[in-house]
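Engineer: Would you mind keeping the following structure in view while I ask a few things?
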Amino acid sequence: MSYIVVRVRSDVKVERSIKETMHNLNLTRVNHAVIIPENDQYKGMLQKAKDYITWGEADASTVEAMLRQRGRLAGDVPLTDAHVKEGTEHADIASFAKAIAAGEATVKDLAGLKRVFRLHPPRGSKGWGGIKRAHTVGGALGARGEAIAALIERMVEQ
């Protein structure tokens, strides 16, 4: 299984260790997202930065939408099925996304693919829903579980 992690808040006036944790996750700017595998080290990093990020379980359709619409190679070249077929053992973006969501592959498996997805702010009247409150009380921060798919859908659509 993999997690999709999105940075919600800036790191102005943030404790240095939390700022370093977000940089180690490659979350250097607001509205940037990464896909990380599920393991104890990453879970600890998520808990450390929980007041500045949101995350949830990745599903294949959400990962595929991120790769197709926001996936970029070095030189800001959009990701295509041909790049995936050439650089991995997967035939297309859909099968690569399915492997990433299941935890069988990572974004690092495709050489040249940028690990950070630059997303739009969430569209719709709700927006983030408050960047200083946890998701459990109607805000944007912390663990979302399956609800991350709805957020990513609002941030990826063009």
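Engineer: For the stretch 74-82, check the following and say yes or no: at least one residue is surrounded by fewer than 14 Cβ atoms within 10 Å (Cβ to Cβ) and of a type in the set (Val, Ile, Thr).
Structural biologist: Residues of the stretch 74-82 that are surrounded by fewer than 14 Cβ atoms within 10 Å (Cβ to Cβ), as a first pass: 74-78, 82.
Those still in the list that are of a type in the set (Val, Ile, Thr) too: 77.
Yes, there is a match, as at least one residue in the stretch 74-82 is surrounded by fewer than 14 Cβ atoms within 10 Å (Cβ to Cβ) and of a type in the set (Val, Ile, Thr).
Engineer: While we're here: Closer than 25 Å to ASN24 by Cα and not in a helix (DSSP H, G or I): is that true of ALA149 in this structure? Even if it seems obvious, please write down each step before you answer.
Structural biologist: Working: closer than 25 Å to ASN24 by Cα: yes; not in a helix (DSSP H, G or I): no.
When the stated conditions are applied, ALA149 does not pass them.
Engineer: Filter the stretch 114-146 down to the residues that are under 12 Å from THR54 (Cβ atoms), touching a His at 6+ places or on another chain (Cβ under 8 Å) and not in a loop (DSSP other than H, G, I, E, B) and list them by number.
Structural biologist: Result: LEU141, GLY142, ALA143.
Engineer: Looking at the stretch 107-128, which of the residues that are surrounded by 15 or more Cβ atoms within 10 Å (Cβ to Cβ) and more than 15 Å from the chain's Cα centre (by Cα) is modelled with the lowest pLDDT?
Structural biologist: My answer is TRP128.
The values are calculated or read from the model by the stated rules, or taken from the named source; none is laboratory data. This one's a predicted model, so the numbers in the text were calculated from it and none came from an experiment. Glycine also receives a Cβ, built like all others from the backbone with ideal geometry; neighbour counts cover every protein chain displayed.
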